[in-house]
Structures are given as C-alpha cells and as structure tokens.
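Input: a single structure, listed below in structure tokens.
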Amino acid sequence: MRGFVHFLRQAKAILRPGMPGGIKKIYSDFFKYHDERKVDMLHRQDLYTSGPPHTQISLEMLKLAQRHAGKRILDIGCGHGVNCIELNKRGFQCVGIEANEGYAHEATRHIEAHHMWAEKLMFEDKSFDTAIMFEVLEHLTDPHAALKEIVRVSRKNLVLSVPNLTPLEVCVEYNVIMHHFFETTHLNFFTRPMLERFLLNYFPYVEVGEFGQFFNISGRKLYYHLSAVASFEPIEK
C-alpha cells in the first residue's frame with residue numbers, strides 16, 4: 001500500500017496549512033487515492049510517518065534571520081540546504097549540518113555542508129555568529145545537549161522555529177488534530193511560554209513570536225508555528 005509519506009512530500013513544502021492548494025488538498029488526495037483502490041483499512045504506519053526535508057524556504061523565518069543574524073551562520077538541520085542557499089545569496093556565509101547522511105550529501109552539491117549531529121558539533125568554540133534551526137528542535141533526542149553546543153559555537157544568537165502546541169486547547173473543542181501530530185519524528189512539543197522558558201536556560205534574552213495563521217475559531221487567531229530569537233545581547237526591535 002502506498003503510504004502517507006507520498007503526500008507528505010508535497011505537504012512538507014507548504015508552510016501555512018489551510019492555504020489554497022495546501023494541507024487540505026494533501027489529505028483529500030490521500031483519501032481519494034485509497035478510495036479509488038478500494039482499500040478497506042489504514043494502519044498506523046500509513047498515517048504516522050516522516051516526510052523529506054522542506055524544498056521551499058520560510059519567508060517569515062528568512063526575514064527574521066536576515067534581521068538578527070550575524071555574518072557567519074550555522075544552519076542546524078539544513079536538509080538539502082535551501083535556507084543556506086538563500087542566505088548566501090543575501091550576503092551571509094552559511095554553513096549547514098545535517099544528521100541524515102543522504103540529505104547532507106545532497107546539500108554539499110550547493111553549499112558547505114557536513115554530516116553531523118546537533119548534540120555534538122564538530123566546530124571550534126565561537127566559530128559562528130548565529131545558529132539557525134528551522135523546524136528542527138522538535139526532532140532532537142537531546143535538545144538540552146544541542147542547546148549547550150549552540151551556546152558553545154555561537155558568538156551572538158540563535159534563531160529558530162518549531163511547531164506551535166498552543167492551538168491544541170482550542171482545536172480539541174472541535175475534535176481537530178493538528179497536522180504535526182502525525183509526524184513520527186516529532187519528539188518535543190512547545191507552547192509559547194514553554195519555548196521561552198526552555199531558551200532562557202541558555203540565553204539571557206529571548207523573544208518568542210507566532211506565525212502561519214491557519215484558521216480563526218471563536219474570534220481567536222491560531223498559528224501553526226512559533227519563532228524565536230535567543231541572544232547573548234539585548235535583541236534589537
């Protein structure tokens with residue numbers, strides 16, 4: 001049976017669920033595919049799966065990085081290197097690391113990239129101005145070890161994004177499950193206050209925001225992602 005991962009290959013490139021041609025179509029195509037083949041049952045592995053890395057950049061996170069990052073950037077969990085490619089075009093010096101060896105190899109075709117784990121960065125102390133992690137922290141088996149390493153190799157700050165757990169309390173009233181709960185490699189979950197508390201363990205200055213509005217229920221806007229800047233110095237507005 002063709003698994004749900006086929007459709008996640010499309011969904012991974014879509015940053016804002018609910019937009020035209022977005023997550024809704026992915027699920028519609030998924031059910032249509034199995035209905036056409038008269039499938040009488042789906043199994044856990046058909047729904048809970050992990051797709052490939054993003055093939056499109058997050059404009060919101062790119063703008064945040066461009067505003068706050070120093071010249072030399074380490075992209076942790078760079079995938080195929082799309083963020084580094086764009087940041088390099090904009091005058092930054094971006095180096096990527098990736099735990100998946102195949103993805104790392106693909107990234108080396110476009111950028112300086114290394115097969116490496118966030119929890120054990122093979123760089124000298126203060127080798128970079130800024131570290132970025134876009135939709136990576138939720139995958140790490142030891143996020144505290146990774147943050148210690150980021151603090152060690154960074155001179156200035158960390159810019160990151162994670163899926164937002166906060167809408168769950170509203171979604172459950174309508175029996176709605178957010179898409180990222182179907183991602184088997186998501187190990188860590190954050191509300192806005194949780195992410196702030198986590199980052200304050202390692203940086204004295206932290207600002208957390210939300211982006212990627214996906215719908216409005218009972219007058220409350222719900223956002224799919226959290227963004228954050230964690231810095232050794234006061235954060236410029």
Within the bounds of the range 206-221, is there any residue that is over 18 Å from the mean Cα position of the chain (by Cα), exposed (fewer than 14 other Cβ atoms within 10 Å of the Cβ) and on the phi > 0 side of the Ramachandran plot?
-> yes
Counting only residues that are of a type in the set (Val, Ile, Thr) and either touching a residue at least 40 places away in the same chain (Cβ under 8 Å) or under 17 Å from Glu135 (Cβ atoms) (or both), how many does the range 96-123 have?
-> 1
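Hey, which of the helices (runs of 4 or more DSSP H) in the range 8-120, taking only ones fully inside, have at least 1 residues that are modelled with pLDDT of 85 or more?
Details: elements: 23-36, 44-47, 59-68, 82-89, 101-107.
Output list reads 23-36, 59-68, 82-89, 101-107.
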Among the hydroxyl-bearing types (Ser, Thr, Tyr), in contact (Cβ under 8 Å) with a residue 12 or more places away in the chain, closer than 24 Å to Ile235 by Cα and not in a helix (DSSP H, G or I): does that describe Thr141?
-> no
Exception for His225 within (1) closer than 16 Å to Ala65 by Cα; (2) more than 14 Å from the chain's Cα centre (by Cα) falls at (2)
Do you know which of the residues in the range 162-191 that are among the β-branched types (Val, Ile, Thr) and assigned to a loop (DSSP other than H, G, I, E, B) is nearest to Glu135 (Cα to Cα)?
-> Thr185
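The values are calculated or read from the model by the stated rules, or taken from the named source; none is laboratory data. Quick caveat: nothing in here was measured; it's all calculated off a predicted structure. Here Cβ is always computed from backbone atoms with ideal geometry, including for glycine, and neighbour counts include all displayed protein chains.
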